[in-house]
């Protein structure tokens, strides 16, 4: 059956309120051939995101309407592999709420940080070095990037040809990952002067569904645009990422607003401070 995510905007709800509503869904869903799999509750924004398997959106809505009357504002269809790539195999507590992996009590609010890497001048590298040597450099990039993503508990969503797209639970982990990638690549260049491998990185954070009706649509687009806007060896992040890292001991340079393709309004951009000799960003 198709997989859907529904979005509720609630005011004043508590985790217990949401847990009771989910229990009522489970008691009712069999009548409509629906399975409510798990949910995310972001108390800060007052939003609930439910992942549900259903024959159609109307059946999913019928369960909510009959169980407790809290009908979702939107229901969108999501691809299972996309949901898995961004959200991961999320664990749940006894109430059915998504929790941070390895934790029974820390709720996963559904916010994800998306990161893109891009190899600078990949076409030129192929022309200068030849196909085999260029592919070898891409393999170096992939190894370094994947190692850094794994070290910060991120998930590789896909390979983009000239880079990698990844998803993280933590904005701070994303920033540390990006800085480690640049640092490890700098060391590789020092040890291999004939292999000029340089990349740019962009990252943005958001809730599962924002302004577009797909999973992390706006967040993905912004992260990709920030990556394209970055200079070689630069890490650009959205304002949300910088705000989520407050108190984490990470340092950013506020670059002001930038006009990015696909966005109607200028976007506030921050550059991550990092050093080529350190495994982590510069501390405040």
Rounded to the nearest 10, the angle in degrees between the Cα long axis of helix 131-151 and the longest principal axis of the Cα atoms of the chain comes to 50 degrees
Going by average Cβ density within 10 Å per residue, which order do the peptides 248-256, 161-169 take, highest to lowest? 161-169, 248-256
Looking at (i) 53, 45, 32; (ii) 56, 34, 33; (iii) 66, 41, 39, which value of Cα extents along the principal axes in Å comes from a calculation on the structure shown? (iii)
Relative contact order (%) - criterion: Cα under 8 Å, at least six apart; region: the range 3-99: 39 percent
For the peptides 261-269, 151-159, 221-229, 1-9, what is the packing order when you average, over each peptide's residues, the other Cβ atoms within 10 Å and list the highest mean first? 221-229, 1-9, 151-159, 261-269
Which angle between 0 and 90 degrees, to the nearest 10, do you get for helix 57-67 versus the longest principal axis of the chain when only C-alpha atoms count? 50 degrees
Apply the a/c threshold of 1.5 to the C-alpha gyration tensor of the range 3-99 and tell me whether it is rounded, prolate or oblate. rounded
Summing -39500 (n - 2.57) over every DSSP H run of at least 4 in the chain, dividing by its residue total and rounding to the nearest 500, the 222 nm mean residue ellipticity is -11500 deg cm²/dmol
Can you tell me the relative contact order of the chain? Whole percent, Cα pairs under 8 Å, sequence separation 6 or more. 15 percent
Evaluate the distance, in nm, between pseudo-label points positioned 7 Å from the Cα of residue 17 and of residue 91 along their respective Cα→Cβ axes. 2.8 nm
Taking 0.36 nm per residue of sequence separation and subtracting the Cα-Cα distance, how much length would be gained by fully extending the chain between residue 84 and residue 123, in nm to one decimal? 10.9 nm
Whole percent per 5 Å bin, from 0 to the bin with the longest distance: what is P(r) over all C-alpha pairs of the range 88-127? 5, 20, 18, 11, 6, 7, 7, 7, 9, 6, 2, 0
How would you rank 182, 109, going from fewest to most other Cβ atoms within 10 Å of each one's own Cβ? 109, 182
Rounded, prolate or oblate, given the Cα gyration tensor of the range 145-195, with a/c below 1.5 counting as rounded? oblate
Give me the angle, in degrees from 0 to 90, between the Cα long axis of helix 171-191 and the longest principal axis of the Cα atoms of the chain, rounded to the nearest 10. 20 degrees
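Bear in mind that the values in this text are calculations on the coordinates, not laboratory data. Keep in mind that this is a model prediction, so the values were computed, not measured. All Cβ positions, even for glycine, are placed from backbone atoms using ideal geometry, and neighbour counts span all protein chains on display.
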